[in-house]
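The values are calculated or read from the model by the stated rules, or taken from the named source; none is laboratory data. Computed from a predicted model, the values in this text were never measured in an experiment. Note that each Cβ is placed from the backbone with ideal geometry, even for glycine, and that neighbours are counted across all protein chains shown.
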Amino acid sequence: MAKEFYLIRHAESMGNIGMDYGYDPGLSPRGHAQALHCGEVLRQFCDNQTVILSSPFERCLITAEAIAEASDLQVTIMPALHEHFVIESFPLRKVKLESMKAKAEKHKLVTGVYDDSRWWPEENEQKSDLDIRMSIFRNNLIGPHFLASKIICVGHLPSLLSLTSMMVSGIDIHCLDNCGVTKINFNNGKFTDEFINALCLQD
């Protein structure tokens, strides 16, 4: 089954502009504009075979909802897309995050059934842990049980860089802009990139 993947880094967050909003900040004013613009641009690619998967973090969920609203779609929370829990940024003994159930109750376009169980890792992650996580996620998306033909993934810089490299070997990217979109096609067992870090809201 041929598939199209749209990998999107969340819109600009309050954390991106140096504001201390804890471990789970929302979007900056510019970020809200980016998310709305991204939704309008992506509408041309969306149809009834499109699913939107989002990291549980607020900056991703708000971005994903803007994309969903523009195309009359819904959002599924996908913990595999979460941040890279390196100890420098997420000392896990101090980190307090909401459950996916609490997240779903706050976001009207989130669909699915979620519980109060912990979705973030028990221990901090190494780069190898991140790559294994994204490799498993990639394999699940192309497996026979995942029927959607167009898949939008809203996540974070480290996770999306890893996922892109898991799909297209030898790709050399080091940064993705907020609301930068990468399109990767999957056909006959092979991934090919169509565009990288495109469709961004320009100043």
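When the residues of the stretch 92-122 are narrowed to those that are among the acidic types (Asp, Glu) and at pLDDT 95 or above, which ends up nearest to the chain's Cα centre (by Cα)? Checking each candidate, the answer is Glu98.
Where strands (runs of 3 or more DSSP E) fall wholly inside the stretch 103-203, the ranges with 2 or more residues that are of a type in the set (Asp, Glu) are 190-198.
Just one of the listed residues (Asp72, Asp47) is touching a strand residue (DSSP E or B) at 6+ places or on another chain (Cβ under 9 Å), charged (D, E, K, R) and within 19 Å of Ala148 (Cα to Cα), namely Asp47. In the stretch 14-33, the qualifying residues are those that are touching a residue at least 60 places away in the same chain (Cβ under 8 Å) and either crowded, with 23+ Cβ neighbours inside 10 Å or of a type in the set (Ser, Thr, Tyr) (or both), and the one that is farthest from Leu53 (Cα to Cα) is Tyr23. Looking across Ile184, Ile171, one residue alone is at pLDDT 95 or above and among the hydrophobic types (A, V, I, L, M, F, W, C). It is Ile184.
Please find, within the stretch 40-70, the residue that is modelled with the lowest pLDDT out of those that are crowded, with 23+ Cβ neighbours inside 10 Å and over 26 Å from Lys96 (Cα atoms). Once the filter is applied, the top-ranked residue is Leu42. Here Tyr6 clears all of (1) under 26 Å from Gly143 (Cβ atoms); (2) surrounded by fewer than 22 Cβ atoms within 10 Å (Cβ to Cβ); (3) among the hydroxyl-bearing types (Ser, Thr, Tyr) except the condition numbered (2). Which of the following residues is in contact with a helix residue (DSSP H, G or I) (Cβ under 9 Å, 6 or more places away or on another chain) and without any contact (Cβ under 8 Å) to a residue 40 or more places away in the chain: Glu83, Glu40, Glu69? Selected residue: Glu40, the only one of Glu83, Glu40, Glu69 that is in contact with a helix residue (DSSP H, G or I) (Cβ under 9 Å, 6 or more places away or on another chain) and without any contact (Cβ under 8 Å) to a residue 40 or more places away in the chain.
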